Structure formats: C-alpha cells, structure tokens
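The numbers here are math on the coordinates, done by the rules we state, and not lab data. For clarity, every value in this text was computed on a predicted model and none was experimentally measured. In this analysis, Cβ positions are derived from the backbone assuming ideal geometry, glycine residues included, and neighbour counts consider all displayed protein chains.
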Amino acid sequence: MRNKILFAVFGVIILVFLNFFQSGVKNFFYTVSLPFQKTLFKAGDYISDFFETVLETKNLKRENEELRLKIQEVIAENAKLREIAEENKILREALKANPKRDFEIFISQIISKNILSSDSILIKGGLGDGIQKGFPVISPENVLVGKIEEVYNNFSRVTLISNKDFSFDVRVVNDLNKIYGLARGRGNSGIYLDKVQMGADIKDGDTLVSAALGGIFPEGLLVGKIRKVIKSDTEPFWQAEVSPFFDIKEIEKLFIIIDF
C-alpha cells in the first residue's frame, strides 16, 4: 500500500512537470512514464474498488439492520394479533356462558401479596365500605379471582381460587351438554378440575366458568382453560389441569361483587 501511494505521488509530479515543456518533450516523458502510469491506474482502480467495497459493506449492514428491525416489528405485530384473537375468543366464550348482568360492585386495588402465601392478597376496602366475608372478587374482564376471607376497617384479605383450601363448582362451556365439575386450588397460582363424570365430552382448550350450584359465586364468571385432560379407567371421575385466566402480578384493579 505504501508503494502504491508513492507511485501516485510520483504520477502527480510528472503531470505537473509536463505542463511546462513542449510537445516533443512531453511525448518523451509520456513514453518513459507509460509503465508507471499503467501501474498508477491499476493502483487507483484498486483503491477505488477498495473504498467502494467498504461503502457497499456499510450499506449492506445498514440495510440488514433495517430489515431485521422490520422483521421484529412484524413478529411483534403478529404476536399482538394472536393475543387479541385469543382475548376475543375468551370474551365470546364469556358471552356465550353468561348473558350480560349488572353487578353492584366496589372498585378496589391490590395493597400487597401475603408474604406467607402466594395465593392470598390484601386489597383496599373494608368494613367501612360495606365489604363482608365471602364476597366474590373478580377482574375487570369478568374473571373470577377469589373471595373475601377476612375484613378489617380499611382493607380485606382475599383468598385466591388457586389456594389449596379453595374449591367451587364450575361448568365446561359446551354447546352439546352441560358438564359440571369442581375446581380446586393446587397452590402457586395453579388450579385443576376434579369430579368430572367419566366419559364426559371435555378436551384441551375448553373454557371453564363458575356455576351457581353451590351459591358461592354468580353463574358464568370466567375461571380458566383446560390445559390437559387426565383420564382414568379405574376411577369414576376424570380430572384436568387448568390454566387460570388471570395473573395476579399483572392485575391493578379488582372488583368486589357486593350484590348478585
């Protein structure tokens, strides 16, 4: 590279020098310097090609980065569309399960989670707000979260439906038959379906809603989705693993149903 630069400098000097001589002299110098000029031209082409390659590489990197960002945007948009489609499906199931009703509610917020149990929370609202033990607690999306377990002056403790001591009647949303079972908490934000009659037409992905059989909760509150049906040829009942429709870490507001 150093030699090529020296050639280039030498060529410039020759061109300047030739401007001061007559044509014959110029012809002589052109003839003598021809080999050097060819070398200089080749060096110039090499340098030009080098910088063009660098520029093209830089442009390709920029275009690849722009393409990568566009792909990420498309992936994120598709994920959001899938999420919206899933939410719409859940809402359709809720409307199918339970015609629109007006509850008398108290709007509350989570104060804290119980440090001794991940299936219990403290919320705003207590005796002074007319809150009583046993009142259902739901999310703004009509999802059953739990029930009031203890009431104090300004706040209350809620037992979540995932608590191991919690159980309530549920119904599988099905156009063919009314299939009932018992939802039980299994701890750590998990629940499962129990006491489903053997041979019942239930499958993965079915939606569970609350049933009014026990009188604990209003009919048709969203509960969860069946993740895996557990069948047995020896037991009179089937079970199923269930994914709740709420994540307590993502909920900000809660509704306490004080009349239904």
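The table below gives the values:
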read-out	value
Kirkwood-Stokes translational diffusion coefficient of region 104-260, alpha-carbon pairs, 37 °C, 0.692 mPa s, µm²/s	207 µm²/s
Placed amide H near Leu221: partners under 5 Å, 5+ positions off or other chain	Ser210
Relative packing of peptides 203-211, 235-243 - highest average C-beta neighbours within 10 Å first	203-211, 235-243
Prolate/oblate/rounded call for region 190-260, Cα gyration tensor, a/c under 1.5 rounded	oblate
Distant-in-sequence amide H partners of Tyr152 (H built 1.01 Å from N, under 5 Å)	Leu127, Arg157
